[in-house]
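Notes follow once the structure below has been shown.
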Amino acid sequence: ELKVEQNPLFLSMQEGKNYTIYCNYSTTSDRLYWYRQDPGKSLESLFVLLSNGAVKQEGRLMASLDTKARLSTLHITAAVHDLSATYFCAVDISTGNQFYFGTGTSLTVIP
Amino acid sequence: GAGVSQSPSNKVTEKGKDVELRCDPISGHTALYWYRQSLGQGLEFLIYFQGNSAPDKSGLPSDRFSAERTGGSVSTLTIQRTQQEDSAVYLCASSRDRVKHEQYFGPGTRLTVT
């Protein structure tokens with residue numbers, strides 16, 4: 001069974017600082033997704049990464065995918081309070097219908 | 001346009017009762033997924049529908065769980081003889097098709113079994 005691990009699980013950071021969330025997965029995949037979930041809310045799609053070396057940026061967030069290392073990163077630049085949420089990565093493998101979600105990273109940005 | 005909708009938003013039921021949860025996907029989306037999210041946890045895949053094909057039920061945790069999708073649109077997840085461990089948020093998602101498209105999630109149904 002495919003395993004998707006995120007670290008850290010909990011992250012508290014000050015406004016203005018930079019940090020990276022890591023998503024490792026255990027089998028071959030060239031499709032990875034990042035989602036954001038606010039407390040009590042559903043998941044919102046952030047990025048879709050569909051090939052090795054893919055990099056996408058939206059505002060203060062940038063996601064990248066290294067399929068050879070089976071690693072995706074979500075980089076936060078100059079964090080602001082509005083980024084406080086739980087971030088999930090999800091991996092899709094071509095041989096099945098499941099999307100495998102990581103356990104999530106709970107991010108708190110402190111003023 | 002309209003997103004994925006789910007009903008009810010909250011459901012409290014007694015142990016042993018049956019419940020039905022409804023999902024209306026985005027119009028034109030052929031793929032539909034059900035997930036379960038327990039408190040503070042990630043998402044657990046339950047079932048997947050693609051068009052008129054037979055569903056992928058590989059994630060259903062027991063035979064008390066079943067789902068159907070009528071006319072390739074609305075889906076209903078049924079849990080029979082509910083147990084306390086069934087308490088969770090049940091999320092539905094749809095996507096344009098199976099390949100390379102992200103899923104759009106509904107707001108979820110919070111199920112509490114007392």
All positions within region A:73-101 that are within 14 Å of chain B (Cβ to nearest Cβ), of a type outside the set (Val, Ile, Thr) and more than 17 Å from A:Ser42 (Cβ to Cβ): A:Asp92, A:Ser94, A:Gly96, A:Asn97, A:Gln98, A:Tyr100
Pick out the one residue from B:Leu60, B:Leu46, B:Leu39 that is within 14 Å of chain A (Cβ to nearest Cβ), part of a strand (DSSP E or B) and under 30 Å from A:Leu9 (Cα atoms). B:Leu46
How many residues, within region B:1-39, are within 15 Å of B:Cys92 (Cα to Cα) and of a type outside the set (Ser, Thr, Tyr)? 19
Which members of region B:77-111 meet the condition of being surrounded by 14 or more Cβ atoms within 10 Å (Cβ to Cβ), part of a strand (DSSP E or B) and of a type in the set (Val, Ile, Thr)? B:Ile79, B:Val89, B:Thr109
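No lab work stands behind these numbers, since they all come straight from the coordinates. Since the structure is predicted, the reported quantities are computational estimates derived from the model, not experimental observations. As a convention, Cβ positions derive from the backbone with ideal geometry for all residues, glycine included, and neighbour counts pool all protein chains shown.
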